[in-house]
Amino acid sequence: MSGARTGFADPASIELLSLDVDGVLTDGGITYSASDELKSFTSRDGFGLRLWQRAGGRVAIVTGRGGDAVRRRAEELGITTLLERVSDKAEAVSKLTEQTGVAPERMTHVGDDWPDLALFRLVGYPVAVADAEPLVREHAAWVTPRAGGRGAVRDVVNHLLSARGVLDELATHWTGEAQSER
């Protein structure tokens, strides 16, 4: 299929990082216990999201599902913009703008499957995870090196912070190396 969009925003201009859950923050697997739906999140993605927030970026979750595990993870990470059970992700862009004040061209959305394409058409910098459906990868401005639930969100954060020119500066907090020593 052709018709992929061109003319994406500069990744350095992104202010809001919008994330799907199943297949992006998780590997897409869904496990049920007798009373709950269980999801597995990687701590690397969580740390990356904290870095993004530390650098002034905002985070939103836009998911067709939702549930207690998603709400708990969002709360742990200080993510207050959470849109659950979204049947039409294109409508989510206006809600995100309304709730955050960020214009669509200053948003990225990270997705893995066809429902995410609705957001891809509207945000400035759409991103697909490495194991996304081929059509989703085709319509992305950038594709992560790692799969969903396996560090893809951290890849996105590193990519965006690198585009802003602040990734190395943030790393000095942990390395102890001054920027001039590099």
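Within region 149-164, being of a type in the set (A, V, I, L, M) and either more than 10 Å from the chain's Cα centre (by Cα) or surrounded by fewer than 19 Cβ atoms within 10 Å (Cβ to Cβ) (or both) holds for L160, L161, A163.
Residue pairs whose Cβ atoms lie under 7 Å apart, separated by 6 or more positions or on different chains, with the first residue in region 91-109 and closer than 22 Å to A152 by Cβ and the second acidic (D, E) and open to solvent by less than 30 Å² (accessible area, probe 1.4 Å), are H109/D116.
Of the residues making up region 33-60, just one is without any contact (Cβ under 8 Å) to a residue 60 or more places away in the chain, in a helix (DSSP H, G or I) and farther than 26 Å from V93 by Cα, namely S43.
If I filter region 42-66 down to residues being closer than 18 Å to G151 by Cα and small (G, A, S), which single residue comes out as most open to solvent (accessible area, probe 1.4 Å)? Per the criteria, the residue is S43.
Restricting the first member to region 117-143 and to residues that are farther than 17 Å from V21 by Cα, and the second to residues that are surrounded by fewer than 20 Cβ atoms within 10 Å (Cβ to Cβ) and among the basic types (K, R), the beta-carbon pairs closer than 9 Å and six or more apart or on different chains are R121/R5; V123/R106; G124/R106; Y125/R106; H139/R5; H139/R121; A141/R5.
Taken over region 1-32, the criterion of being of a type in the set (D, E, K, R) and assigned to a loop (DSSP other than H, G, I, E, B) is satisfied by R5, D10, E15, D20, D27.
Against the numbered list (1) surrounded by 19 or more Cβ atoms within 10 Å (Cβ to Cβ); (2) closer than 17 Å to T81 by Cβ; (3) at pLDDT 95 or above, V21 comes up short only at (3). Applying a threshold of 8 Å to beta carbon distances and a minimum spacing of six or more residues, or different chains, the list of pairs starting in region 157-172 at a residue that is in a helix (DSSP H, G or I) and modelled with pLDDT under 95 and ending at one that is surrounded by fewer than 16 Cβ atoms within 10 Å (Cβ to Cβ) and not acidic (D, E) reads D168/Q179; D168/R182; E169/Q179; L170/R54; L170/A55; T172/A178; T172/Q179. Taking the criterion of being open to solvent by 30 Å² or more (accessible area, probe 1.4 Å), of a type in the set (K, R) and either within 22 Å of G46 (Cβ to Cβ) or in contact with a Gly (Cβ under 9 Å, 6 or more places away or on another chain) (or both), would at least one residue in region 121-140 satisfy it? No: zero hits.
The rows are residues; the columns are (1) within 15 Å of the chain's Cα centre (by Cα); (2) within 20 Å of P115 (Cβ to Cβ); (3) open to solvent by less than 10 Å² (accessible area, probe 1.4 Å).
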position: D10; (1), (2), (3): no, no, no
position: S33; (1), (2), (3): no, no, no
position: E37; (1), (2), (3): no, yes, no
position: S40; (1), (2), (3): no, no, no
position: D68; (1), (2), (3): no, no, no
position: E76; (1), (2), (3): no, no, no
position: A92; (1), (2), (3): yes, yes, yes
position: T100; (1), (2), (3): no, no, no
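Taken together, the residues in region 90-119 that are in contact with a helix residue (DSSP H, G or I) (Cβ under 6 Å, 6 or more places away or on another chain) and over 26 Å from R44 (Cα atoms) amount to 4.
The values are calculated or read from the model by the stated rules, or taken from the named source; none is laboratory data. Computed from a predicted structure; not experimentally measured. Reconstructed Cβ throughout: ideal geometry from the backbone, glycine too, with neighbour counts over all protein chains shown. Areas reflect the complete protein model, heavy atoms only, side chains present, ligands, DNA and RNA absent. Shrake-Rupley method; radii C 1.70, N 1.55, O 1.52, S 1.80 Å.
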